[in-house]
Amino acid sequence: MPRQFLTGAELSASELAALLDRALQLKAAPLSSRALDRRSVALIFQKPSTRTRISFEVGIDELGGHAVVLRSDELQLARGEALRDTMLVLSRHVAAVGVRTGQHEMLEQLAKHSAIPVINMLTNLHHPCQALADLLTLREAHDSLAGLRVAYVGDGNNVARSLAILGSLAGLDVAVASPAGYALEDDLALPADARGSLTLYADPRQAVDGACAVYTDVWVSMGDEHTADARRAALADYRVDDALLDAAAPGAFAMHDLPAHPGEEITAEVLYGDRQRIWDQAENRRHAQKALLELLVEGA
Ligand code: CP
Ligand code: NVA
């Protein structure tokens, strides 16, 4: 079986630590690896993307490889070709495939039929590539992640779930504050060798107490547009602003996976101010994913 990256829990704690170290090296020397020399990676998008597409395409190029970007409406998949057949063909041509899709089960089906590594580029349940960049951003600010407290304030969605899974694997204590009806599941399974923890709160101020970073994501994710009004009402008190950062640990900074909606989940002052590492986080997608591609493709 090829290595897969569907939830992030496929990595051991030591592999994750090594991946972050490697990502720091690649950030310092972006053209130093030829891990994908003349090999191709397919990227299937069933949903829009800015950061994921750019960071994967450029990162694959920097590794000496070639990205084949496939919008799902251009594939025979859109006309009913089986997932299995699509994967059987892709496996004959490319070294790995990244997939962004609405249903996590669809990704699992693809992975089941794949002879090559499958990378989750976002599903309704998980966004593990984002979490790698988040951890890299925290590593740049702190030599060790073990025992650091990171707060996430807002919708208990794919981004929050991946932060909890990969963050706890990296040794973080992840505190998630969400309103009733929008919380992460309280029985979320963390990886067996996770040394960190996940604690759920209703009160954002309790979650940020002692936190070195305060993370938020959109209130209305892709696919949630039909409940947008209810979400904005329920999440109105879960905005990341200067006052919430003041309630966190001294020197705490804001994080956001983007796209942002200034005035909703984060204020423009924080988003464009000097108490954030959000734009570093966006850049770190590329460096972290290059380290992931090296691990999956060279280890295949
Ligand atoms: N953060 C993130 O995944 O952004 P895109 O949706 O633009 O890829
Ligand atoms: N939670 C958001 C993340 C976007 C990168 C969504 O799924 O739309």
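Odds and ends about this structure:
Conditions (1) within 16 Å of ligand 1 (Cβ to nearest atom); (2) more than 23 Å from G167 (Cβ to Cβ); (3) in contact with a Ser or Thr (Cβ under 6 Å, 6 or more places away or on another chain); (4) of a type in the set (D, E, K, R), marked per residue:
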{"residue": "K112", "(1), (2), (3), (4)": "no, yes, no, yes"}
{"residue": "H126", "(1), (2), (3), (4)": "yes, no, yes, no"}
{"residue": "L132", "(1), (2), (3), (4)": "yes, no, no, no"}
{"residue": "E140", "(1), (2), (3), (4)": "no, no, no, yes"}
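- Matching residues in the stretch 36-56 - criterion: being away from ligand 2 (no atom under 16 Å from the Cβ), surrounded by fewer than 19 Cβ atoms within 10 Å (Cβ to Cβ) and either of a type in the set (V, I, T) or free of Cβ contacts under 8 Å to residues at least 60 places away in the same chain (or both): D37, R38, S40
- Residue among A234, A247, A213 that alone is under 21 Å from S144 (Cβ atoms) and either surrounded by 17 or more Cβ atoms within 10 Å (Cβ to Cβ) or touching a Lys or Arg at 6+ places or on another chain (Cβ under 6 Å) (or both): A213
- Test: residue in the stretch 119-135 that is more than 16 Å from ligand 2 (Cβ to nearest atom), in contact with a helix residue (DSSP H, G or I) (Cβ under 8 Å, 6 or more places away or on another chain) and more than 21 Å from T199 (Cβ to Cβ): no
- Residues that are among the hydrophobic types (A, V, I, L, M, F, W, C) and out of contact with any helix residue (DSSP H, G or I) (no Cβ under 9 Å at 6 or more places or on another chain), drawn from the stretch 258-278: A268
- Among the residues here, P259 does not qualify as surrounded by fewer than 23 Cβ atoms within 10 Å (Cβ to Cβ), more than 16 Å from ligand 1 (Cβ to nearest atom) and either on the phi < 0 side of the Ramachandran plot or at pLDDT 95 or above (or both).
- Note on the stretch 85-105: residues that are free of Cβ contacts under 8 Å to residues at least 60 places away in the same chain, surrounded by 15 or more Cβ atoms within 10 Å (Cβ to Cβ) and not in a helix (DSSP H, G or I) total 6.
- Residue that is farthest from ligand 1 (Cβ to nearest atom) [pool: residues in the stretch 262-274 that are crowded, with 17+ Cβ neighbours inside 10 Å and assigned to a loop (DSSP other than H, G, I, E, B)]: T267
- Residue list for the stretch 1-20, restricted to those being acidic (D, E) and within 13 Å of E294 (Cα to Cα): E15
- Condition met for T227 (outside any strand (DSSP E or B), over 22 Å from L6 (Cβ atoms), among the polar types (S, T, N, Q) and more than 16 Å from ligand 1 (Cβ to nearest atom)): yes
- Residue in the stretch 5-35 that is surrounded by the most Cβ atoms within 10 Å (Cβ to Cβ), counting only those that are part of a loop (DSSP other than H, G, I, E, B) and touching a Ser or Thr at 6+ places or on another chain (Cβ under 8 Å): G8
- Flag if G64 is surrounded by fewer than 19 Cβ atoms within 10 Å (Cβ to Cβ) and either away from ligand 2 (no atom under 16 Å from the Cβ) or over 25 Å from L166 (Cβ atoms) (or both): yes
- Restricting the stretch 89-132 to residues that are out of contact with any Leu (no Cβ under 8 Å at 6 or more places or on another chain) and basic (K, R), the residue that is farthest from L75 (Cα to Cα): K112
- Within the stretch 149-171, considering residues that are farther than 23 Å from R239 by Cβ and more than 16 Å from ligand 2 (Cβ to nearest atom), the one surrounded by the fewest Cβ atoms within 10 Å (Cβ to Cβ): G171
- For the stretch 172-192, the tally of residues that are within 30 Å of S12 (Cβ to Cβ) and exposed (fewer than 14 other Cβ atoms within 10 Å of the Cβ) stands at 5.
The values are calculated or read from the model by the stated rules, or taken from the named source; none is laboratory data. Model, not experiment: these values are computed from the prediction. Note: ideal-geometry Cβ built from the backbone for every residue, glycine included; neighbour counts use all protein chains shown.
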